[in-house]
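Visitor: Just dropping this structure here.
The values are calculated or read from the model by the stated rules, or taken from the named source; none is laboratory data. Model, not experiment: these values are computed from the prediction. Quick reminder, even Gly has a Cβ in these numbers, built from the backbone with ideal geometry, and neighbours come from all protein chains shown.
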Amino acid sequence: MCQSYRKACACGQQTSEIFFGKMILDEKSIAQVYCPECSRDIDTESNNRVWDNGWVLELNLNVVRTRAPLMEISPDRVTADWVFDEGYATWVGITPDDFQTRERERSEVQKLAKTDLKAYIQAMKEWGLNREKRFISEGWRKAQ
């Protein structure tokens with residue numbers, strides 16, 4: 001079973017949810033999360049940070065590199081981009097706050113289930129497809 005971890009961004013205004021795939025990393029591997037507001041003044045040239053639409057996931061590469069053999073990579077080749085893209089520490093869903101927005105959006109559509117099942121099924125399909133298209137057009141890393 002994989003786990004997830006909720007972490008507030010550096011300014012404390014937003015919360016992200018991070019997924020740890022393959023049960024290799026945990027919350028000790030996360031140094032910081034920055035929302036678009038609090039990421040404005042941080043260095044963009046760093047191999048311990050993943051940038052995704054203004055959001056930044058900063059890893060503790062010292063911790064991550066101790067687990068490199070379990071990820072079948074040499075410790076000196078580990079970067080935050082690689083860890084994120086391979087799913088060892090990434091967002092739950094497509095965006096850092098997908099866990100919140102997904103439930104809010106889905107609850108609106110689910111109201112139809114009580115009154116018109118056929119319309120509900122159609123609305124769920126459209127919601128899923130439109131959501132995916134929106135993530136692609138917004139440039140979210142996991143949607144590419």
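Visitor: Name the pairs whose Cβ atoms lie under 6 Å apart, with the first residue in segment 1-26 and of a type in the set (Gly, Ala, Ser), the second part of a strand (DSSP E or B), and 6 or more positions between them or separate chains?
Guide: Ser4/Glu17; Ser4/Phe19; Ala8/Thr15; Ala10/Gln32; Ala10/Tyr34; Ser16/Lys7; Ser16/Val33
Visitor: Then there's this: With Glu103, Glu86 as the choices, which residue is within 19 Å of Lys7 (Cα to Cα) and among the acidic types (Asp, Glu)? Let's see the steps before the verdict.
Guide: Working: Glu86 fails: within 19 Å of Lys7 (Cα to Cα).
After ruling out the rest, the residue left standing is Glu103.
Visitor: Could you check, for segment 65-77, whether at least one of its residues is free of Cβ contacts under 8 Å to residues at least 40 places away in the same chain and either in contact with a strand residue (DSSP E or B) (Cβ under 6 Å, 6 or more places away or on another chain) or not assigned by TED's automatic domain parsing to the domain that holds Ser46 (or both)?
Guide: Step one: filter segment 65-77 for residues free of Cβ contacts under 8 Å to residues at least 40 places away in the same chain, giving 65-66, 68-69, 72-77.
Going one step further and asking which of them are either in contact with a strand residue (DSSP E or B) (Cβ under 6 Å, 6 or more places away or on another chain) or not assigned by TED's automatic domain parsing to the domain that holds Ser46 (or both), we end up with none.
No; the residues of segment 65-77 include none that is free of Cβ contacts under 8 Å to residues at least 40 places away in the same chain and either in contact with a strand residue (DSSP E or B) (Cβ under 6 Å, 6 or more places away or on another chain) or not assigned by TED's automatic domain parsing to the domain that holds Ser46 (or both).
Visitor: Taking into account only those residues within segment 126-144 that are out of contact with any strand residue (DSSP E or B) (no Cβ under 9 Å at 6 or more places or on another chain) and within 17 Å of Val50 (Cα to Cα), which is modelled with the lowest pLDDT? Let's see the steps before the verdict.
Guide: Taking segment 126-144 as the starting set, the residues that turn out to be out of contact with any strand residue (DSSP E or B) (no Cβ under 9 Å at 6 or more places or on another chain) are 126-138, 143-144.
Imposing the further condition that a residue be within 17 Å of Val50 (Cα to Cα) reduces the set to 138, 143-144.
Numbers: Glu138: 97, Ala143: 95, Gln144: 90.
Result: Gln144.
Visitor: Something else: Please go through (1) surrounded by fewer than 18 Cβ atoms within 10 Å (Cβ to Cβ); (2) assigned by TED's automatic domain parsing to the domain that holds Ala31; (3) closer than 27 Å to Lys7 by Cβ; (4) small (Gly, Ala, Ser) for Ala80 and return the number of the only condition it doesn't satisfy.
Guide: All conditions pass for Ala80, except number (1).
Visitor: Just to check your reading of the model, which residue among Arg65, Arg6, Arg104 is over 12 Å from the mean Cα position of the chain (by Cα), of a type outside the set (Ser, Thr, Tyr) and within 30 Å of Met124 (Cα to Cα)?
Guide: Values: Arg65 fails: within 30 Å of Met124 (Cα to Cα); Arg6 fails: over 12 Å from the mean Cα position of the chain (by Cα).
That would be Arg104, the only listed residue that is over 12 Å from the mean Cα position of the chain (by Cα), of a type outside the set (Ser, Thr, Tyr) and within 30 Å of Met124 (Cα to Cα).
Visitor: Let me ask something else about it. So which pairs qualify, if the first residue must be in segment 118-142 and under 18 Å from Arg104 (Cβ atoms), the second must be polar (S, T, N, Q), the Cβ gap must be under 7 Å, and the two must be at least 6 apart or on different chains?
Guide: Every condition considered, the pairs that remain are Glu138/Asn53; Trp140/Asn53; Trp140/Thr95.
Visitor: Now a separate question. Taking segment 1-50 as the region of interest, how many residues are among the hydrophobic types (A, V, I, L, M, F, W, C), assigned to a loop (DSSP other than H, G, I, E, B) and at pLDDT below 95?
Guide: Narrowing segment 1-50 to residues among the hydrophobic types (A, V, I, L, M, F, W, C): 1-2, 8-11, 18-20, 23-25, 30-31, 33, 35, 38, 42, 50.
Remaining after also requiring assigned to a loop (DSSP other than H, G, I, E, B): 1-2, 9-11, 24-25, 35, 38, 42.
Narrowing further to those that are at pLDDT below 95: 1-2, 42.
Within segment 1-50, residues that are among the hydrophobic types (A, V, I, L, M, F, W, C), assigned to a loop (DSSP other than H, G, I, E, B) and at pLDDT below 95 number 3.
Visitor: Within the bounds of segment 73-94, is there any residue that is among the aliphatic types (A, V, I, L, M), over 24 Å from Ala10 (Cβ atoms) and at pLDDT 95 or above?
Guide: Here is the first cut: in segment 73-94, the residues among the aliphatic types (A, V, I, L, M) are 73, 78, 80, 83, 89, 92, 94.
From the residues that got through so far, the ones that are over 24 Å from Ala10 (Cβ atoms) too are 73.
Right, trim to at pLDDT 95 or above and you get 73.
Yes, segment 73-94 contains a residue that is among the aliphatic types (A, V, I, L, M), over 24 Å from Ala10 (Cβ atoms) and at pLDDT 95 or above.
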